[in-house]
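First the structure, in the form of structure tokens, and then the observations on it.
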Amino acid sequence: IPLAAQFALAGKTFDALAFDKLKSQFKRPHKLSMRQWLTDFSSSTTLQYKLITYFALHPNAKEEYARVIEGEKLLEVAGFSRSHYQIIAAWFLTDAAHAKRAKLLHEEMKRHHYFLTGKDDIPYAVLLTKETGDIKKQAKTMRMYYDALQEQGFKKGESLQAMTQLLTLYADEVEETL
């Protein structure tokens with residue numbers, strides 16, 4: 001959703017100076033800080049604005065920013081490499097146990113799709129990780145969907161992998177009717 005539309009939908013007026021000020025307020029003591037990433041326009045500008053907009057529209061921006069930073073740290077402790085995708089994944093993270101289960105799911109996903117699974121799949125692993133359920137079965141189901149859909153004419157690649165990952169959001173068993 002475009003920046004202006006997000007503010008309009010939230011019933012707020014966009015203020016470019018306030019938006020820029022908010023962007024400059026976020027600081028962090030890591031080597032690659034989110035602030036550096038948010039202000040480095042060699043990075044994904046679209047994603048930068050989505051993050052800043054998210055914080056600008058959040059009623060408790062500073063607290064939410066701290067929660068996302070903490071989530072990013074938990075993902076690092078769980079074994080994920082630092083990346084822009086880790087920042088996105090931190091939005092969906094609930095706690096350290098969630099981070100550890102997400103790392104296990106990401107490793108299983110990589111076992112089934114070694115060349116396709118990378119840092120861009122970290123948000124999927126966090127989003128799809130359930131408190132209960134069989135992680136190995138979920139990753140296997142992703143692969144079964146991938147193979148079945150590829151046999152039906154879907155093009156192999158990251159887009160198909162992303163779709164098959166999302167198909168396990170509500171059930172970690174193959175749904176034959178799909």
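The values are calculated or read from the model by the stated rules, or taken from the named source; none is laboratory data. Since this is a predicted model, take the numbers as computed values, not measurements. Cβ atoms come from the backbone with ideal geometry, glycine included; neighbour counts cover every protein chain shown. Side chains included, ligands, DNA and RNA excluded: accessible areas come from the protein's heavy atoms. Shrake-Rupley method; radii C 1.70, N 1.55, O 1.52, S 1.80 Å.
Diagonalising the gyration tensor over the Cα atoms of the range 45-156 and scaling each eigenvalue by 5 before taking the square root yields semi-axes of 28, 17, 12 Å, largest first. When the chain is described by a simple charge dipole with +1 on each Lys and Arg Cβ and -1 on each Asp and Glu Cβ, the residue from L105, L3, Y145 located farthest towards its positive end is L3.
Measuring with a 1.4 Å probe in the full set of protein chains, what accessible area per residue, in whole Å², belongs to the range 94-150? Don't jump to the answer; show the numbers that get you there.
On the way: 2970 Å² over 57 residues.
Counting only protein heavy atoms, the per-residue value for the range 94-150 is 52 Å².
Using C-alpha pairs below 8 Å separated by at least 6 residues, the relative contact order for the range 96-178 is 33 percent.
Counting only DSSP H runs of at least 4 residues, each contributing -39500 (n - 2.57), and dividing by the residue count of the chain, the helix-based mean residue ellipticity at 222 nm comes to -19500 deg cm²/dmol. Short-range pairs are left out: with C-alpha atoms under 8 Å and at least six residues apart, the relative contact order of the chain is 14 percent. What you get for the range 57-178, charging only the Cβ of Lys and Arg (+1) and of Asp and Glu (-1), is a dipole of about 360 debye around the Cα centre. Residues in the range 68-81 carry Karplus couplings, in order, of 5, 4, 4, x, 5, 5, 4, 5, 5, 4, 6, x, 6, 7 Hz; the curve used is 6.51 cos²θ - 1.76 cosθ + 1.60 with θ = phi - 60°, and Gly or Pro positions show x. What FRET efficiency, computed as 1/(1 + (r/R0)^6) with R0 = 25 Å and r the Cβ-Cβ distance, is obtained for L127 and A5, rounded to the nearest 0.05? The value I calculate is 0.60. Here the accessible area is traced with a 1.4 Å probe on the protein chains. For the chain, carbon and sulfur cover 56 percent of it.
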